[in-house]
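The values are calculated or read from the model by the stated rules, or taken from the named source; none is laboratory data. Keep in mind that what you see is a predicted model, and the values were worked out from it rather than measured. With ideal geometry, Cβ positions are generated from the backbone for all residues, glycine too; neighbour counts draw on all protein chains shown. All accessible areas refer to the heavy atoms of the entire protein, side chains included, with ligands and DNA or RNA removed. Shrake-Rupley method; radii C 1.70, N 1.55, O 1.52, S 1.80 Å.
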Amino acid sequence: MLHMLEKIFVQNGLVTSFALVGLIMWVSSLISRKLTFGRVHGSAIAIVIGLVLAWLGGVFTGGQKGLADLPLFTGVGLMGGAMLRDFAIVATAFEVQANEARKAGLIGVVSLLLGTLLPFVVGASIAHAFGYTDAVSMTTIGAGAVTYIVGPVTGAAIGASSDVIALSIATGLIKAIIVMIGTPIAAGFMGLKTPRSAMIFGGLAGTVSGVSAGLAATDRRLVPYGALIATFHTGIGCLLGPSVLFFATRALVGT
Amino acid sequence: MIIYGTALLAFCHLAGLFLGDLLGVAIGVKTNVGGVGIAMLLLIFLRLYLHKKGLLPKESEAGVAFWGAMYIPVVVAMAANQNVVAAIKGGPVALLSAFAAAAVCACCIGVLTRTGRDSTSFVNAPQLEEI
């Protein structure tokens with residue numbers, strides 16, 4: 001009996017993931033209403049549950065894809081993978097009002113550049129403080145603080161060691177998780193209320209995953225505006241990391 | 001037909017990613033540059049254009065709206081795919097750099113959203129169903 005059921009789940013992975021995520025959303029909205037009296041958004045709770053499941057999946061299997069490493073839940077990997085994620089993000093563009101987006105275009109670009117520069121400087125400085133004083137390691141860890149893709153791309157381009165690259169990926173991942181969980185908490189402080197503020201957030205907070213989940217957990221209407229800017233984040237980071245930022249770091253620290 | 005909307009969305013998605021790849025090659029990076037953003041812009045403009053021509057009936061729009069509404073569940077699935085174990089294993093350097101970078105950016109966002117003129121609003125935004 002159980003074996004047959006398991007076979008059905010495994011063979012219908014994507015459909016299983018729809019059922020599972022639906023269940024998570026339902027539980028989250030219950031928790032949101034009954035335990036927090038609506039103060040914490042249901043989707044914020046759902047995202048945290050997702051992260052906890054990802055952690056459990058990683059602990060049980062030793063893999064890298066969180067819950068999707070369990071054979072029973074490979075469909076979650078497809079549903080939450082880059083293809084459907086990007087498809088759904090593009091679909092939210094239907095809600096964008098072109099006029100509102102145009103008004104905030106320039107500040108969006110400014111925040112995109114700041115969003116690359118600031119995390120890089122902070123990450124590289126902290127790496128320096130912890131004894132990673134060579135330009136290659138500082139640049140790689142600093143790039144990891146931009147996004148977890150910029151880190152390894154930059155590190156590979158300038159010849160960083162694999163443990164430094166792993167460290168830069170970890171930095172980017174932690175930042176994405178902080179943004180996912182922290183955005184609804186800090187939304188008031190950051191003034192996240194309007195399309196313009198969402199675009200500033202998309203440029204500065206970086207990582208499509210962090211921004212998309214963070215805004216979803218705060219106010220669903222903010223999502224398309226933030227995502228519109230955030231999708232350029234990785235590209236800009238990969239452009240500046242191994243070039244301008246690396247040369248500047250090398251000029252500062254010498255080696 | 002509902003598939004027309006979904007096909008339009010798929011066309012924008014693919015065209016955007018392709019242009020993003022081309023842009024990446026053009027500026028010499030080994031990654032896609034803003035593919036999803038370009039796809040979003042394409043969809044925004046195509047929608048305005050088709051709307052004006054009267055070629056976008058409600059049914060076709062539903063083919064896009066469904067995927068927009070699936071957005072949050074997809075993001076929850078994405079969260080369940082993160083390599084949380086590796087993130088936690090990163091140790092103090094990773095933890096501190098990530099926290100400091102996020103904190104500095106949050107402050108910067110707070111400053112930027114409060115300066116300058118913000119004339120954008122959600123007044124005319126379409127109503128979204130609550131999750």
Expected output for the range A:142-160 (first residue more than 22 Å from B:V104 (Cβ to Cβ) and among the hydrophobic types (A, V, I, L, M, F, W, C), partner assigned to a helix (DSSP H, G or I) and open to solvent by 10 Å² or more (accessible area, probe 1.4 Å), Cβ below 6 Å, 6+ apart or cross-chain) is A:A157/A:P242; A:I158/A:V136; A:I158/A:P242; A:I158/A:F246; A:A160/A:V136
Taking the range A:188-201 and the residues there that are open to solvent by less than 10 Å² (accessible area, probe 1.4 Å) and more than 7 Å from every other protein chain (Cβ to nearest Cβ), the one that is nearest to A:R102 (Cα to Cα) would be A:M199
Filtering the range A:219-244 for residues that are open to solvent by 10 Å² or more (accessible area, probe 1.4 Å), facing another protein chain (nearest Cβ under 8 Å) and within 19 Å of B:V76 (Cα to Cα) leaves a count of 3
Subset of the range A:96-141, residues more than 8 Å from chain B (Cβ to nearest Cβ), within 17 Å of the chain's Cα centre (by Cα) and small (G, A, S), comes to none
Within the range A:202-218, can one find any residue that is in contact with a Leu (Cβ under 7 Å, 6 or more places away or on another chain) and open to solvent by 10 Å² or more (accessible area, probe 1.4 Å)? yes
The lone condition A:A166 fails out of (1) open to solvent by less than 10 Å² (accessible area, probe 1.4 Å); (2) within 19 Å of B:Q82 (Cβ to Cβ) is (1)
Residue within the range A:154-166 that is modelled with pLDDT of 85 or more, under 25 Å from A:V110 (Cβ atoms) and more than 9 Å from every other protein chain (Cβ to nearest Cβ) present: no
Within the range A:26-44, residues of a type in the set (G, A, S) and either within 11 Å of A:P184 (Cβ to Cβ) or in a helix (DSSP H, G or I) (or both) come out as A:S28, A:S29, A:S32, A:G42, A:S43, A:A44
Can you confirm whether A:G235 is among the small types (G, A, S) and at pLDDT 85 or above? no
When the range A:41-61 is checked residue by residue, the ones that are among the small types (G, A, S), over 16 Å from the mean Cα position of the chain (by Cα) and modelled with pLDDT under 85 are A:G42
Looking across the range A:44-67 at residues that are open to solvent by less than 20 Å² (accessible area, probe 1.4 Å) and at the interface with another protein chain (Cβ under 7 Å from one of its Cβ atoms), the single one that is farthest from B:N81 (Cα to Cα) is A:A46
Does A:D219 meet the test of being out of contact with any Gly (no Cβ under 8 Å at 6 or more places or on another chain), under 24 Å from B:V84 (Cβ atoms) and charged (D, E, K, R)? no
**Prompt:** Based on what the data block shows, is A:L14 open to solvent by 40 Å² or more (accessible area, probe 1.4 Å), more than 7 Å from chain B (Cβ to nearest Cβ), within 20 Å of the chain's Cα centre (by Cα) and at pLDDT 90 or above?
**Reply:** no
Residue in the range B:34-56 that is open to solvent by less than 40 Å² (accessible area, probe 1.4 Å), touching a Gly at 6+ places or on another chain (Cβ under 6 Å) and more than 13 Å from A:D86 (Cα to Cα) present: no
